[in-house]
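Worksheet: one structure, shown below.
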Amino acid sequence: MDRRSPLRLHVPEPTGRPGQHTDFSYLHLSPAGAVRRPQLDTSVQKTGDLCYALVRVLDDDGRAKGPWNPKLSPEVLTVGLRGMIRTRVFDARMLVAQRQKKISFYMQSLGEEAIGCAHAMALDPGDMNFPTYRQQSLLLARDDAPMVEMICQLLSNERDPLKGRQLPVMYSYKKLGFFSISGNLATQFIQAVGWAMASAIKGDTRIASGWIGDGSTAEADFHTALTFAHVYRAPVILNVVNNQWAISSFQAIAGGEGSTFAARGVGCGIASLRVDGNDFLAVYAASRWAAERARRNLGPTLIEWLTYRAGAHSTSDDPTKYRPADDWERFPLGDPIARLKTHLIAIGAWSEAQHEAMQKEVEAEVIAAQKEAERFGSLADGHLFSNSTMFDDVYEDVPDHLRRQRRQLGV
Amino acid sequence: MAQMTMIQALRSAMDVMLDRNPEVVVFGEDVGYFGGVFRCTEGLQAKYGKTRVFDTPISEGGIVGVAVGMGAYGLRPVAEIQFADYFYPASDQLVSEAARLRHRSAGDFTCPITVRMPCGGGIYGGQTHSQSPEALFTHVCGLRTVLPSNPYDAKGLLISAIENDDPVIFLEPKRIYNGPFDGHHDKPVVPWSRHPLGEVPEGYFTVPLESAKIFRPGKDVTVISYGTMVWVAEAAANETGIDAEIIDLRSLWPLDLDAMVESVKKTGRCVIVHEATRTSGFGAELLSLVQEHCFYDLEAPIVRVTGWDTPYPHAQEWAYFPGPERLGEALKRAMEAC
């Protein structure tokens, strides 16, 4: 008699689905200020507990607490607030432009604005980000955000810096420390390590920052990046943006169940943190900590940013099909803009009136940029780079076979 | 001039470039302290230090991935994949990243990397140490694919590859690392030390990319080939008495179309030879090009000689390898057709 029970395959499921609230207790939050801040030269093993905790600075009343408080001046904080508002307004306007068929496709970063904005402010000029398609805040956080050019890229028009070759949002800004975005996921993560290794080989002082989503951590390039970063002690920050969703797949399908993405880092010998990604102060502090470690040859840091993808994956996606419609409202880490605003008001450095004025200013700024960009046409009206330009840049020079093909096309 | 094996010539090319250009770095599995399983990088770490010549984890995706990042930074990485058979985990980094970075960023970022990999069989390597995957690279726009047939070209082409601002796949036919191989596996091999093409300048020189060479002039039939197979073709021509003109492509893509076309127009007959599997092999592309550019000059159907469409066998290696007999028959067929 065989007393063994049949084997069962486990397929993870989120706790919430359309019509059923999510039970967010799976997130395992720590109270604001409760998590210790290790020395920069901490041993990797001593960050083990931090991978299962959550670094937070702002509490629910907007007070900054604990050892991770970066103690930024109100002036710096309002710059960050402006960057986040600019990102959100930009996304909202471009979504509308997509619905008006001015642009073919768009990806918003709603709810994740703090991560790129605070991180960008924590890096130095010359550092290089290797972003995914949802880190537009790295660019929009800047006072010199190239908004007109970015919109020209989205419109694929005759001023598109990428000459119409890339899907909207796949920006490339070497001069602003923003590597060319690939649609093939995770590839940039190991490239960031390579860039950082190059900087170390040359005795440079610049560091790299690689970006990946929770879903793509399942790709080989993620694990390869951790191995190479550890082996060569590369001056790189390895950011995992855990926004809970990879299109329709919950983060447990990428392996988040019963573990954290930060814990991957420690297993590979990399100091790792799990941080409230909707807390501007925590993002800034953790980014500085990791950047300082990299710059002092103390090695890579992996940071899991806990956040929530409040919008659809892209304009081709409808999240009401697979998750509760009110999920973001119920997400316990809230809205990063509202949280920083509450903090600034709590410390007496901000007011509702100032906030409203800033919102209006930024809206005017984005509208002006959009108007300017639209002067140069769009995919819809045919003001594009000429067809002949598709044959350029395949190689440094145009080889004979491409000259022949260009002639065949008749351009 | 010095006598060099292909291994020494490749090493010399890297040595010259490490010395001339501080942006050049060399890495791969076992290439550092040990100097590579084929010894191509022997002594380079001792000479240039561990940060310019180093070992990597066993991760082809990682090797090419960091090379792309280093290229974006401004270095000129020369990465080794231990056997061409192992490149597959690096496919995404080569095809989607390295090959398209310049185009997709409109020149904002470039990828001046060289990826070396030994290819081809004839060493009893079985199916995982014998493959010739060149067609998988020539199919990818944005990559350059190079494959030398002798020490002189190997050094000159590798220097050109390292200096080139495009990503270059540099395939090294390992069967001829130590001496030319005419396909007669039962006969001793003449070492490069006793061959004129083993004479290689010690310093800097280049062999241009996109430039084929007439390996053996002839008037009867044009043989288009590369790597080990040019030596087999030469043996077949000598043994059949057919005066074949053998074109050594050297650069597979982009390639020297004029050299091929000029020769076929002269001979009116064409045999295309490679060791790789037949279907959708690079020979199919070469055949199409000859057909498109030389149709009215052809006096016979174009003949293809290739490996069979099977995995490369271990024990049955010489039945798989397109040796001088198979090539000889192909030459005769090309001559017999009216």
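Here is how the numbers come out for the structure above:
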quantity	calculated
Long-range HN-HN contacts of A:Ala32 with modeled amide H, under 5 Å	none
Estimated FRET transfer efficiency (A:Asp61, A:Arg36; beta-carbon r; R0 30 Å; 0.05)	0.85
Of all DSSP beta bridges in the protein assembly as shown, antiparallel share, percent nearest 5	20
For the range A:277-411: relative contact order, % (alpha-carbon pairs under 8 angstrom, 6 or more apart)	16
Between the range A:258-286 and the range B:312-328, the Cα center-to-center distance that results, in Å	56
Violating pairs (Cα-Cα greater than 26 angstrom) within the set A:Lys341/A:Lys371; A:Lys101/A:Lys321; A:Lys174/A:Lys321	A:Lys341/A:Lys371; A:Lys174/A:Lys321
Residue-averaged 222 nm ellipticity for the protein assembly as shown, from DSSP H runs of 4+ at -39500 (n - 2.57), nearest 500	-10500 deg cm²/dmol
Computed label-point distance, nm, for sites A:Arg8 and A:Ala346 using a 7 Å Cα→Cβ extension	4.3
Computed over chain A: relative contact order in percent, which uses C-alpha pairs under 8 Å that are six or more apart	23
Contact order relative to length of chain B, as percent, for alpha carbon pairs under 8 angstrom and 6 or more apart	17
Reachable lysines, given that their alpha-carbon falls under 30 Å from the alpha-carbon of B:Lys332 and they are not under 8 places away in the same chain	B:Lys174, B:Lys187, B:Lys213, B:Lys219, B:Lys265, B:Lys266
Residues A:Thr217, A:Thr227 arranged by fewest to most Cβ contacts within 10 Å	A:Thr227, A:Thr217
Estimated FRET transfer efficiency (B:Ser280, A:Lys174; beta-carbon r; R0 30 Å; 0.05)	0.20
Positive-end extreme of charge dipole, the range A:171-254 - chosen from A:Gln188, A:Ala234, A:Ala198 (charges on Cβ)	A:Ala198
Hz values of 3J(HN,Hα) by residue in the range A:14-28 - Karplus curve (6.51, -1.76, 1.60), Gly and Pro given as x	x, 6, x, 9, x, x, 9, 4, 6, 8, 7, 5, 5, 6, 6
Estimated distance in nm for a label pair at A:Asp23 and B:Phe34, the labels positioned 7 Å out from Cα along Cα-to-Cβ	5.2
Residue range of chain A that is longest and free of trypsin sites (Lys or Arg not before Pro) which are both DSSP loop and sparsely packed (at most 14 other C-beta within 10 Å)	A:102-295
Whichever aspartates and glutamates have a C-alpha closer than 16 Å to that of A:Lys65, once near sequence neighbours (fewer than 8 apart) are set aside	A:Asp276, A:Asp279
The range A:171-208 and the range B:241-291: distance between their alpha carbon centers, rounded to Å	41
Three-way shape label, the range B:91-175, alpha-carbon gyration tensor, a/c 1.5	oblate
Dipole axis of the protein assembly as shown (+1 Lys, Arg; -1 Asp, Glu on Cβ), positive-most option in A:Leu340, A:Gly66, A:Val11	A:Gly66
Ranked A:Cys268, A:Cys152, B:Cys141, criterion: other C-beta atoms within 10 Å, fewest first	B:Cys141, A:Cys268, A:Cys152
Segment B:Val189-B:Glu202, length gained on full extension (0.36 nm per residue, minus Cα span)	2.3 nm
Linear extension gain, B:Lys50 paired with B:Glu239, 0.36 nm per residue minus alpha-carbon span	63.1 nm
Contour minus Cα-Cα distance for A:Glu75 and A:Asp400 (0.36 nm per residue)	111.3 nm
Phi-based couplings in Hz for the range A:185-201 (Karplus 6.51, -1.76, 1.60; Gly and Pro marked x)	5, 6, 4, 6, 5, 6, 5, 4, 5, x, 4, 5, 4, 4, 4, 6, 4
Pairwise label distance in nanometres, A:Lys321 with A:Thr205, each label 7 Å out on the Cα-Cβ vector	5.1
Theoretical FRET efficiency, 1/(1+(r/R0)^6), r = Cβ-Cβ of A:Ile247 and A:Ile367, R0 45 Å, to 0.05	0.90
Chain B, Cα convex hull volume normalised per residue, Å³	124
Cα centre as origin, Lys/Arg/Asp/Glu Cβ charges: the protein assembly as shown dipole, Debye	1240
Selection of GluC sites (Glu not before Pro), the range B:244-338, meeting DSSP coil and at most 13 other Cβ within 10 Å	B:Glu299
Alpha carbon centroid spacing (whole Å) that separates the range B:33-74 from the range B:159-225	24
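Every number here is computed from the coordinates shown, using simple stated rules; none is lab data. As the structure is a computational prediction, the values presented were derived from the model and not from experiment. Backbone-built Cβ (ideal geometry, glycine too); neighbour counts: all protein chains shown.
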